[in-house]
1. What whole-number value in cubic angstrom gives the convex hull volume per residue for the C-alpha atoms of the chain?
2. Once you put a point 7 Å from the Cα of Arg120 and another 7 Å from the Cα of Ala218, both along the Cβ direction, what distance in nm separates them?
3. Which of Gly313, Gly182, Gly151 moves the most in a Gaussian network model of the chain with Cα springs under 10 Å?
4. Could you tell me the largest-minus-smallest coordinate of the C-alpha atoms of segment 166-330 on each of the three principal axes, in descending order and whole angstroms?
5. All other residues with a Cβ under 13 Å from the Cβ of Ala277 taken together, and with Lys, Arg as +1 and Asp, Glu as -1, what is their net charge?
6. From zero up to wherever the largest Cα-Cα distance of segment 132-203 sits, split into 5 Å bins and tell me the percent of pairs in each.
7. Out of all DSSP beta bridges in the chain, what portion is antiparallel? Express it as a percent rounded to 5.
8. About the Cα centre of the chain, what is the dipole size in debye to 20, counting +1 per Lys and Arg Cβ and -1 per Asp and Glu Cβ, all else neutral?
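FYI, it's all coordinate maths here, none of it is from the lab. Predicted model, so just to flag it, every value in this text is computed and none were measured. For neighbour counting, all protein chains shown are included, and Cβ atoms are generated from backbone atoms with ideal geometry for every residue, glycine included.
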Amino acid sequence: MTSPADLRLTQYAHGGGGAGKLPPGELEGLISGLTGPAGDGSLLLGAADGDDAAVLRLDAARAVVSTVDVLPPVVDDPYDWGRIAAANALSDVYAVGGEPVMALNLLGWPRDVLPSEVAREVLRGGRDVVARAGCPVAGGHSVDDPEPKYGLAVTGTADPDRLLRLADGRPGLPLSLTKPLGTGALNARHRATGEAFPHAVESMAALNAEAARLALAADVRCATDVTGFGLLGHLFKLARASGVTAVVDAAAVPYLEGARESVRDGFVPGGTRRNLAWVSPHTDFGRLAEERRLLLADAQTSGGLLIAGEIPGAVVVGELVERRAHTLVVR
């Protein structure tokens, strides 16, 4: 068994974080016809448009929010991995306008390979972030797994009349982004070289709670979080569901320090390339260079919210317009 001091957790995973998701087009084909609305219309959000969490109406004033997210190690430090995975899972609740009320741990662990004290550090990181969200970790489930994985199943509550939906984007609305991009490229560099990027860790571990509250206070009705499908992938889903075209100002999009250089140096996750391949047939890139396209498709882990509207602290990166020949336009 490897000692904790010698561990590089990212070497025990075949992929990293959000970049390890199934390709978006493949996933849509896989679940097609296997999910559906409740017969009484109480399922307000679900898989039909690819919303970030499921929302079920309980009565006129209450709805329950449910989501689950699991990640392989994205960084080598187990405590930081736990923090990031927990923030990533909680984000889906915030992305639909909900407040988390309870979380359950989900842990896959190669118990004959990695020490249990390392798993405990992962769980401690998750617990600390869930506590910041103001809800308890109430239990969970574990399995002996050849690859380490950690995440949460999260239950939340929401006002059924004040949800953030993919399908409620309208022409004329600005598009705002609450966290810079680049975690996919920086995590790929970390995995390959061991170089640490504390600023990327803190970005991934930061909750989207305040951004969601500001969006609701501003009467925003449409949002999503930016995770494994990248900015362009998640924006494509939003524009498609809303029946509009999304125009992105590439020069306005913020990036974490070192992200551009990492892509330039070839640290591009496979998930990023799959994201770009998925959106390219639906996107007018003009003469935008390949490197910039990859950055916009960078597979994020625990990214920010992408909001159809404006809130304090967020960067306006584009706008929604009437539907054109392409669902996405990058200028």
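1. Details: hull volume 41.9 nm³, N = 331.
Enclosed volume per residue, from the Cα hull, is 126 Å³.
2. 4.4 nm
3. Gly313
4. Sorted from largest, the Cα extents of segment 166-330 read 44, 35, 22 Å.
5. Values: positive: Arg273, Arg274, Arg293; negative: Glu26, Glu290.
Around Ala277, the charge tally is +1.
6. In whole percents, the pair-distance histogram is 3, 8, 11, 11, 16, 19, 16, 9, 4, 1, 0.
7. On the way: 38 of 50 bridges.
Once the DSSP bridges in the chain are tallied, antiparallel ones form about 75 percent.
8. Numbers: 31 positive and 40 negative charges, 110 e Å.
Computed about the Cα centre, the dipole is about 520 debye.
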